[in-house]
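Participant: A single structure is presented below for examination.
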Amino acid sequence: MKRALAILAFLCVLAAGEYFAVSKFAIRHETLNLFDAARQRPISVSIAVRRDYETKASLGFWRLPLAIISNGNTVKNTEYSFLANALAARGYLVASIQQDLPSDPPLMTVVGEPYVGRREVYMRCEANILFVLGQLKKTQENADYDHITLVGHSNGGDVSMYMAKQHPELVAKVVTLDNLRVPFVISDHVKILSFRSKDPHFTTDPGVLPTPEQAKSRGIDIVNTSAQHTEMSDRGPDSVKEKIQETLDRFLRSSASSALAPADTTSPMIMNPADY
């Protein structure tokens, strides 16, 4: 019995080691410097994809699920490699978009206005995502563009939630890291995972989070962490990033069977700050 348990433990360690080895060494990274001529706007995109799954897709044996990552304000699109690698390790084609430029107006807050006056910012970022999707279709024909996973931190999380609201026909999953302004999409066809910080300098606007009843009935997973707002990027400590990766991996596995399957409401993934 002890021998069997030892073998099982070894296999678990081996599987974990393989996962992180894949995330470091078997993923192809590429930077696309695109230009939207219609808006005269450069858009930098960081691509991550597992080489073996990309080959399988090119041979017609796999359809790459697609994840779009949107950066937080003042954070670079390249500062979410811990998320990009976790997604790519599970077979995703990951596109991390640089949503803001130095030439863009500063992000303002107007109390009392819808989305505190940031609707134009979200619309601009929505246009960025749609443009990138159009460009990717030209080079990655074997990706799934009908059931996209949107991932975003802070302002990028609000962009992701806004995009899901505007294009429900395209979006299957939304993962946010402390989005503060755009209310959650309440839908049977969109699975949502949201990590929340414990940071007094970044407070969530009223009406953004679902009620406990809505979260339970729609299978929305809320993970309350003790992390600071800015730690939910590559800038954060490894302990925070590893916990987020583990939870994200469970979320992806639980929804892998069918992109449009109704959310499992029997065991919502609600965690407490003590878990992080």
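Participant: How many residues does segment 22-36 hold that are out of contact with any helix residue (DSSP H, G or I) (no Cβ under 9 Å at 6 or more places or on another chain) and assigned to a helix (DSSP H, G or I)?
Facilitator: Total satisfying the criteria: 1.
Participant: Something else about it: Is it the case that Asp158 is farther than 29 Å from Phe131 by Cα and either among the acidic types (Asp, Glu) or at pLDDT below 95 (or both)?
Facilitator: For Asp158, the condition - farther than 29 Å from Phe131 by Cα and either among the acidic types (Asp, Glu) or at pLDDT below 95 (or both) - is not met.
Participant: A further question follows. Can you tell me which residue among Tyr122, Tyr80, Tyr92, Tyr115 is touching a Pro at 6+ places or on another chain (Cβ under 6 Å) and either modelled with pLDDT under 95 or not aliphatic (A, V, I, L, M) (or both)?
Facilitator: Numbers: Tyr122 fails: touching a Pro at 6+ places or on another chain (Cβ under 6 Å); Tyr80 fails: touching a Pro at 6+ places or on another chain (Cβ under 6 Å); Tyr115 fails: touching a Pro at 6+ places or on another chain (Cβ under 6 Å).
After applying the criteria, what remains is Tyr92.
A quick yes/no check of all residues on (1) in contact (Cβ under 8 Å) with a residue 24 or more places away in the chain; (2) surrounded by fewer than 24 Cβ atoms within 10 Å (Cβ to Cβ); (3) not in a helix (DSSP H, G or I):
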residue: Leu87; (1), (2), (3): yes, no, no
residue: Met108; (1), (2), (3): no, yes, yes
residue: Tyr115; (1), (2), (3): yes, yes, no
residue: Ala127; (1), (2), (3): yes, yes, no
residue: Gly134; (1), (2), (3): no, yes, no
residue: Glu141; (1), (2), (3): no, yes, yes
residue: Met163; (1), (2), (3): yes, no, no
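Participant: In segment 42-62, how many are small (Gly, Ala, Ser), more than 23 Å from the chain's Cα centre (by Cα) and assigned to a helix (DSSP H, G or I)?
Facilitator: 1
Participant: Output the number of residues of segment 182-221 satisfying the condition of being under 19 Å from Val116 (Cβ atoms), surrounded by fewer than 20 Cβ atoms within 10 Å (Cβ to Cβ) and aliphatic (A, V, I, L, M).
Facilitator: Count: 2.
Participant: Of (1) touching a His at 6+ places or on another chain (Cβ under 7 Å); (2) of a type in the set (Gly, Ala, Ser); (3) in a strand (DSSP E or B), Gly152 satisfies all except one. Which?
Facilitator: Among (1) touching a His at 6+ places or on another chain (Cβ under 7 Å); (2) of a type in the set (Gly, Ala, Ser); (3) in a strand (DSSP E or B), the lone unmet condition for Gly152 is (1).
Participant: Taking Arg39 as meeting all but one of (1) modelled with pLDDT under 95; (2) on the phi < 0 side of the Ramachandran plot; (3) in a loop (DSSP other than H, G, I, E, B), write down the number of the exception.
Facilitator: (1)
Participant: While we're on this one: Condition first: surrounded by fewer than 20 Cβ atoms within 10 Å (Cβ to Cβ) and basic (Lys, Arg). Now tell me which residues in segment 36-85 satisfy that.
Facilitator: Arg39, Arg41, Arg51, Lys56, Arg63, Lys76
Participant: If you scan segment 174-189, which residues turn out to be within 15 Å of Ala95 (Cα to Cα) and in contact (Cβ under 8 Å) with a residue 40 or more places away in the chain?
Facilitator: Of segment 174-189, the ones within 15 Å of Ala95 (Cα to Cα) are 174-175.
Of everything in segment 174-189, just one residue is within 15 Å of Ala95 (Cα to Cα) and in contact (Cβ under 8 Å) with a residue 40 or more places away in the chain, namely Val175.
The values are calculated or read from the model by the stated rules, or taken from the named source; none is laboratory data. It should be emphasised that the depicted structure is a prediction, and the values quoted were computed from it without experimental measurement. Reconstructed Cβ throughout: ideal geometry from the backbone, glycine too, with neighbour counts over all protein chains shown.
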